[in-house]
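Quick note: the coordinates plus some simple rules give every number you see, no bench work behind them. What you see is a predicted model; the values in this text were computed from it and never measured. FYI the Cβ positions are ideal-geometry reconstructions off the backbone, even for glycines, and counts take in every protein chain you see.
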């Protein structure tokens, strides 16, 4: 079977977030930030020159539909601190005024505004897990446009990235 792929790598497919990676029982990075860049590749059956049931002629989907969804989703993480909800050493409670998270990670303590923190349903804020979350969300949304396979690559610094593919 022949397939066609669309690669979406727009300059504005980015988010700037803080995080720290947890390596083992005793070591973790310091809190720091990245200007993440995202590339999305989608595959669908070849459109060729025939129209499908939706009356399209020679194209899979209007790029603008996919671009708007991707950008809106990345904007959610932009300018936030991303923390792993499922790591056993990560604990949090609300501050007395309920405006901050009081977060402890081993011997560290952070007090961060609740509006600036996003708790992710993962064990570590690695590019591997970030690409997996985005791939799952994009795959669900894009199936209605005939997408049969999707790859999401998240680059944290130039030349350092992870990609997740969902078939």
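Considering (1) within 22 Å of the chain's Cα centre (by Cα); (2) surrounded by 14 or more Cβ atoms within 10 Å (Cβ to Cβ); (3) under 23 Å from residue 5 (Cα atoms), the lone condition that residue 60 does not fulfil carries the number (1).
For region 74-95, the condition of being under 15 Å from residue 20 (Cβ atoms), touching a helix residue (DSSP H, G or I) at 6+ places or on another chain (Cβ under 7 Å) and touching a residue at least 24 places away in the same chain (Cβ under 8 Å) holds for at least one residue. Against the definition (under 11 Å from the mean Cα position of the chain (by Cα), under 30 Å from residue 4 (Cβ atoms) and loosely packed, with under 12 Cβ neighbours inside 10 Å), how does residue 70 come out, yes or no? When the stated conditions are applied, residue 70 does not pass them.
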